[in-house]
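Comments concern the structure below.
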Amino acid sequence: MEYFLIPGRHPELSAAELWAVAERDHLGAELRETAGAIFISTDRELPAELPSWLGGMVKFGKIIGEVSEHELTGWLADRVVESGGRDFGISIYHGGSAARFKNLGLEVKRVLRERGIKSRWVSSREPTLSAVVVQKNGLIRTGIEFCLFADGQRISVGQTTDVQAFEEFSFRDYGRPRRDIRSGMLPVKLARMLINLSRTPRNGILLDPFCGSGTIVTEAAILGFRQVIGGDLEKRAVEDTAENVGWTSRNLDISKTSVRILQSPAEEIDRALENTKVDGIATEPYLGPPLRGRERPADIEKIVRELSILYVKSFAAIRNVLTPGAAVAAVFPVFRSGNRELPLPVLEDLKKLGFLPAPLLPPGLDVKMTARGSLIYQRPDQRVLREVFLFKTSSLDNTLKKG
Ligand SMILES: C[S@@+](CC[C@H](N)C(=O)[O-])C[C@H]1O[C@@H](n2cnc3c(N)ncnc32)[C@H](O)[C@@H]1O
């Protein structure tokens, strides 16, 4: 069976998230990437819930045929008839070939008309239909959307089966009662991706030691982890998280998950957790004070130094609470100063603590990572970039103690 998934604005991270879930749930899937789509080959059905788990993918579907170009129009018309609907859409997912299929929709419509069938072609100015257009035009339930992946003469045709629940994500992004605008809002989709990247098993315990307003905590509860623990230095953040979790529980069933919120510096989270060990960590730690853009290089360098200390101390503490094999998915800030980009220079220290950056993507997938083994998450106009890491733990050198 072959499936396709279309990533959103951060294709590399989305692919990394998919790979993480495939590994965690032993989906036995092989990933392949072409022209902005990720293909999965498996010998069994993928879980029907997969689309609802992922933060990074916007469209999902199955490959339903391989067709040559001269058969294509008639073949698509047959599928529209079979779908029982009259509405259809076509998205072209191969760079360069959009013009080649410019009239395809009209031709399919014409063929259908010749057969006495009145149809509606849902089109847009772009070569591809957005998830929103697909959803709003009912192309999944009452119509059909074809996704074309043209590679040479043969054309793989996919049928969209799901789109991302974009309305639900945006409801949670903007509807939750407590939003921490000052310390930078963590987008819900990125929170999801971090949780999934951590590969924490569903029946395990997930920790976010810098929980802020609890975006990761609530998303993890929605995903149904056995237990989710959030920690934060600030009393207000603890209250915000509690309020947001309460709000989520009134909108969605999160009763499977027990949520624990602790007020503690991340540097001492091992003490606060007492004997509890966790099966994975997903976190966006403190990214520094809000920047105005007028900071001098020396100011930025000072922030980098201070954050580096915080991160190393926090990792020393979380090292003590991880079960063997547990991983950490974390965002690190990258600062812009003039033309320079300043990441946190902490990888050597983290290595000494037993944390090694692990590959975020499977070998063979042609996707760019940074020289540090991370992926960058960037939104326009951001002064601080987000560098996403996955750390796996190696056995700890006994002589190293928390410092
Ligand atoms: C970027 S926010 C985290 C966003 C959060 N992940 C969310 O989902 O909303 C960073 C948080 O780190 C907290 N913080 C700062 N220093 C800390 C420390 N030493 N230990 C624990 N939390 C800290 C801040 O209070 C703030 O709430």
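The values are calculated or read from the model by the stated rules, or taken from the named source; none is laboratory data. Since the model is a prediction, treat every value here as computed from it, not as a measurement. With ideal geometry, Cβ positions are generated from the backbone for all residues, glycine too; neighbour counts draw on all protein chains shown.
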Discussion item. Looking at segment 267-290 only, could you name the residues that are more than 13 Å from the ligand (Cβ to nearest atom), surrounded by fewer than 21 Cβ atoms within 10 Å (Cβ to Cβ) and either more than 24 Å from Arg199 (Cβ to Cβ) or in contact (Cβ under 8 Å) with a residue 12 or more places away in the chain (or both)?
Written reply: Glu274, Thr276, Lys277
Discussion item. For the list (1) touching a residue at least 24 places away in the same chain (Cβ under 8 Å); (2) closer than 26 Å to Glu239 by Cβ, I need the number of the one condition that Glu306 fails.
Written reply: (1)
Worksheet item: Is at least one residue of segment 129-139 within 30 Å of Asp253 (Cα to Cα), surrounded by 21 or more Cβ atoms within 10 Å (Cβ to Cβ), assigned by TED's automatic domain parsing to the domain that holds Ala35 and touching a Leu at 6+ places or on another chain (Cβ under 8 Å)?
Response: yes
Discussion item. Just the residues that are under 25 Å from Ala22 (Cα atoms), touching a Gly at 6+ places or on another chain (Cβ under 8 Å) and modelled with pLDDT under 90, please, taken from segment 347-394.
Written reply: Ser394
Practice prompt. Tell me, please, whether a residue that is within 14 Å of the ligand (Cβ to nearest atom), over 20 Å from the mean Cα position of the chain (by Cα) and among the hydroxyl-bearing types (Ser, Thr, Tyr) can be found in segment 228-243.
Written response: yes
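Of everything in segment 176-197 that's more than 11 Å from the chain's Cα centre (by Cα) and either small (Gly, Ala, Ser) or part of a helix (DSSP H, G or I) (or both), which residue is modelled with the lowest pLDDT?
Pass one, segment 176-197, residues more than 11 Å from the chain's Cα centre (by Cα): 176-186.
Keeping just the survivors that are either small (Gly, Ala, Ser) or part of a helix (DSSP H, G or I) (or both) gives 183-184.
Details: Ser183: 58, Gly184: 64.
This residue is Ser183.
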Item to complete: Output the residues belonging to segment 173-189 that are more than 9 Å from the ligand (Cβ to nearest atom) and crowded, with 24+ Cβ neighbours inside 10 Å.
Response: Lys189
Worksheet item: With Ser258, Ser264, Ser198 as the choices, which residue is of a type in the set (S, T, N, Q), touching a strand residue (DSSP E or B) at 6+ places or on another chain (Cβ under 9 Å) and within 8 Å of the ligand (Cβ to nearest atom)?
Response: Ser264
Discussion item. I'm told Ala242 meets every condition in (1) more than 28 Å from Ala371 (Cα to Cα); (2) in contact with a Leu (Cβ under 6 Å, 6 or more places away or on another chain) except one. Can you identify the failing condition by its number?
Written reply: (2)
Response to the item:
If we ask which residues in segment 269-290 are in contact with a Pro (Cβ under 8 Å, 6 or more places away or on another chain) and closer than 20 Å to Lys302 by Cα, their number turns out to be 3
Item to complete: Name, by its number, the condition in (1) more than 13 Å from Pro333 (Cβ to Cβ); (2) within 29 Å of the chain's Cα centre (by Cα) that does not hold for Pro297.
Response: (2)
Fill in: First in segment 204-216 and at positive phi, second anywhere and in a strand (DSSP E or B), Cβ under 7 Å, 6 or more apart
Gly212/Asp232; Gly214/Gly230
Discussion item. When the residues of segment 1-21 are narrowed to those that are in contact with a Leu (Cβ under 7 Å, 6 or more places away or on another chain) and part of a strand (DSSP E or B), which ends up farthest from Leu190 (Cα to Cα)?
Written reply: Tyr3
Discussion item. Taking the conditions exactly as written (of a type in the set (Val, Ile, Thr) and in contact with a Phe, Trp or Tyr (Cβ under 9 Å, 6 or more places away or on another chain)), does Val334 satisfy them or not?
Written reply: no
